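So the structure is just underneath, and the comments pick up after that.
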Amino acid sequence: MIIKQQLVNSRAVTFSGVNRRQFITIHETGNVTKGAGAQAHANLQSKGFTSSWHWQVDDEFAIQSYPHTAQCWHAGDGRGNGNLYSIAIEICVNSDSRYQKAVANAARLTQQIMKEENIPLNRVVQHHHWSRKDCPHFLRSGRNGIDWYSFTKLLQEGAGKSPLKFGNTGSKIKELQKDLNKLGYKLVVDGSFGPKTRRAVQYFQAMHQLEVDGIVGPRTSAQLKEALINKAPIRLLKYANIGKAVGQLQLNLAETGYKITIDHSFGPETLQIVRQFQGREKLTVDGMVGLTTWESLKHQIFK
């Protein structure tokens, strides 16, 4: 599953308060039309729609349209707890999508949000819970091979697993190091989550669309698996970007010998140094850090 954001700028179809995030509400789109997957529904929200929800998931993508703090219009209960206190996930049911895979992806996303927002399993509910609408229809009926009970069992799988982080040791760290080595990080497989492993994890997080914290939690783990199977999304960094990913880029450029201020801001200095690096490595000198620049820098850092 590829996880990404396509945030809607407008708040025209949300309430003005802050979502208290005490529940997760599971929906289905009800749209079986071919092509009506996660991207299509994210685009629908971006263009302006008469209702709103936080996430849409299909058999390949999970796309976030609103931050969890937004009080979206999704539960059909007006200013009730569904709209004001819950995070909405829409499972796509388009006929050209693998429905059971979409449900599995929704379960993975739900697990992640449960951990991030400290929401217990008994507060993962159906749309039906709030307004008695027959939604999520296919999960409620089980007619597509998986029902609500099976979905909740998926949520219980892996519950309580701790993230991998600095200082951990053991076989799970060895597997992590082996996976990172398959992606070109050239670590010693010693089963110890030390500085070099943390640096590789941080680089991977900056390179992909992830929080750069050096901790292998649900989202990093999922993207790592995706990268091993397919090409997971690469984060394009460019002039005027800010954040931890930019700071990680600056740190790595400094490690290759450039004198650069690590201020987490892609300003004129960083732009100039990126162009210098691209010229030195005989890459396209455009000042933007995409796949080839990330990979070339990786090769320099993880020799």
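The values are calculated or read from the model by the stated rules, or taken from the named source; none is laboratory data. None of the values given here were measured: they were computed from a predicted structure. A quick note on method: Cβ atoms are made from the backbone with ideal geometry, for glycine too, and the neighbour counts reach across all protein chains shown.
Remarks
- Scope segment 137-184; condition within 21 Å of the chain's Cα centre (by Cα), buried (at least 18 other Cβ atoms within 10 Å of the Cβ) and part of a loop (DSSP other than H, G, I, E, B); matching residues: Leu183
- Against the numbered list (1) in contact with a Leu (Cβ under 8 Å, 6 or more places away or on another chain); (2) modelled with pLDDT of 90 or more; (3) outside any helix (DSSP H, G or I), Thr293 comes up short only at (3).
- Residue in segment 90-111 that is surrounded by fewer than 13 Cβ atoms within 10 Å (Cβ to Cβ), among the small types (Gly, Ala, Ser) and on the phi < 0 side of the Ramachandran plot present: yes
- Flag for Phe61 being among the aromatic types (Phe, Trp, Tyr), touching a residue at least 60 places away in the same chain (Cβ under 8 Å) and closer than 19 Å to His208 by Cα: yes
- Residues that are outside any loop (DSSP other than H, G, I, E, B) and surrounded by fewer than 15 Cβ atoms within 10 Å (Cβ to Cβ), drawn from segment 245-263: Ala254, Glu255
- Filtered residues of segment 96-136 (kept if aliphatic (A, V, I, L, M) and under 17 Å from the mean Cα position of the chain (by Cα)): Ala102, Val103, Ala104, Ala106, Ala107, Leu109, Ile113, Met114
- Flag if Leu84 is of a type outside the set (D, E, K, R), surrounded by fewer than 22 Cβ atoms within 10 Å (Cβ to Cβ) and free of Cβ contacts under 8 Å to residues at least 12 places away in the same chain: no
- Candidate set: segment 94-120, residues that are in a helix (DSSP H, G or I) and of a type in the set (Val, Ile, Thr); chosen: the one farthest from Glu60 (Cα to Cα): Ile113
- Single residue of segment 197-216 satisfying the filter (under 22 Å from Gln6 (Cβ atoms) and in contact with a Pro (Cβ under 8 Å, 6 or more places away or on another chain)) that is surrounded by the most Cβ atoms within 10 Å (Cβ to Cβ): His208
- Filtered by the rule that a residue be in contact with a His (Cβ under 6 Å, 6 or more places away or on another chain) and outside any loop (DSSP other than H, G, I, E, B), segment 40-71 gives a lone residue, Gln56.
- Of all the listed residues (Gly184, Gly170), the sole one being small (Gly, Ala, Ser) and in contact (Cβ under 8 Å) with a residue 40 or more places away in the chain is Gly184.
- Hits in segment 34-65 (condition: out of contact with any Cys (no Cβ under 8 Å at 6 or more places or on another chain) and aromatic (Phe, Trp, Tyr)): Phe49, Trp55, Phe61
- Taken as a whole, the structure places Leu187 among residues that are touching a Leu at 6+ places or on another chain (Cβ under 9 Å) and assigned to a loop (DSSP other than H, G, I, E, B).
- Search result, residues across segment 1-24 that are closer than 17 Å to Arg79 by Cβ, among the hydroxyl-bearing types (Ser, Thr, Tyr) and assigned to a loop (DSSP other than H, G, I, E, B): none
- The set of residues in segment 190-244 being part of a loop (DSSP other than H, G, I, E, B), aliphatic (A, V, I, L, M) and more than 16 Å from the chain's Cα centre (by Cα) consists of Ala240 alone.
- Segment 264-290, subset assigned to a loop (DSSP other than H, G, I, E, B) and in contact with a Gly (Cβ under 8 Å, 6 or more places away or on another chain), residue surrounded by the most Cβ atoms within 10 Å (Cβ to Cβ): His264
- Selected residue [loosely packed, with under 15 Cβ neighbours inside 10 Å and hydroxyl-bearing (Ser, Thr, Tyr)] from Thr14, Thr29, Thr50: Thr50
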